[in-house]
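The values are calculated or read from the model by the stated rules, or taken from the named source; none is laboratory data. Computed from a prediction, not measured in an experiment: that's the story for all the values here. Heads up, the Cβs are rebuilt from the backbone with ideal geometry, glycines too, and the neighbour counts pull from every protein chain shown. We work out accessible area using only protein heavy atoms, side chains counted, and drop any ligands, DNA or RNA first. Shrake-Rupley method; radii C 1.70, N 1.55, O 1.52, S 1.80 Å.
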Amino acid sequence: MTQKPWQNICLENFDTKRTCIMKKQTTLTALLGLSQHEAAMLLGVSRSQWSMYESGQRDLPLHAKELLAALLAHMQSYDAAAKSNITPQKITNDQLQRQMQENEYQQLVIARKIARVAKKQEAQARLLHLSDFLSTHQAYKNANAQLRQTIASKATPEREAEFSDTLTKLRRQQQLLVLEQLFLESRKAENAT
């Protein structure tokens, strides 16, 4: 296998623990986070010349090689600084704490929604029961027909089914939040060890 020209630069300017000797799918443009066109413009060469260089078919002019080496060295120092400034476990613990607080808040919100919908469902069930009572008892059949119709229009089985469906969805969301809470707690315990 022939060595691509940029691999020498990579080996000179990057620590060998990283994926310096790039796989076929990894290119310098991907490493730098640039498109081929942007990388070519940055180095002062044409896009086709850059593409051929990446594939090992052509060499870059000296000024472009020097710029590329400087870019790669800068990226290496950036990566090293980023690793030394951030403690992965601390970030994870902070993120977990925020996620746990958000989870707790969401559980409270869902609990309040469940309570509101359950109250509405109970009121709807009472209206249905009252409507049935008014329509079956003789003493109320003749009394205020308009009031009976108003109560009957409010008390529909469809609305009770709507409330039931909403409650089912909310309780499912609540269960998912409880599972998420358990997961977050186990992750926090793992980080503590």
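Points worth noting:
- Restricting segment 19-51 to residues that are within 14 Å of residue 74 (Cβ to Cβ) and in a loop (DSSP other than H, G, I, E, B), the residue that is modelled with the highest pLDDT: 34
- None of 148, 187, 126, 171 is open to solvent by 100 Å² or more (accessible area, probe 1.4 Å) and touching a helix residue (DSSP H, G or I) at 6+ places or on another chain (Cβ under 7 Å) except 171.
- Residue among 118, 69, 111, 73 that is closer than 30 Å to residue 179 by Cβ, of a type in the set (Gly, Ala, Ser), in contact (Cβ under 8 Å) with a residue 60 or more places away in the chain and in a helix (DSSP H, G or I): 111
- Screening 146, 89, 95, 101 for residues that are modelled with pLDDT of 90 or more, farther than 30 Å from residue 49 by Cβ, out of contact with any Pro (no Cβ under 9 Å at 6 or more places or on another chain) and not in a loop (DSSP other than H, G, I, E, B) leaves exactly one candidate, 101.
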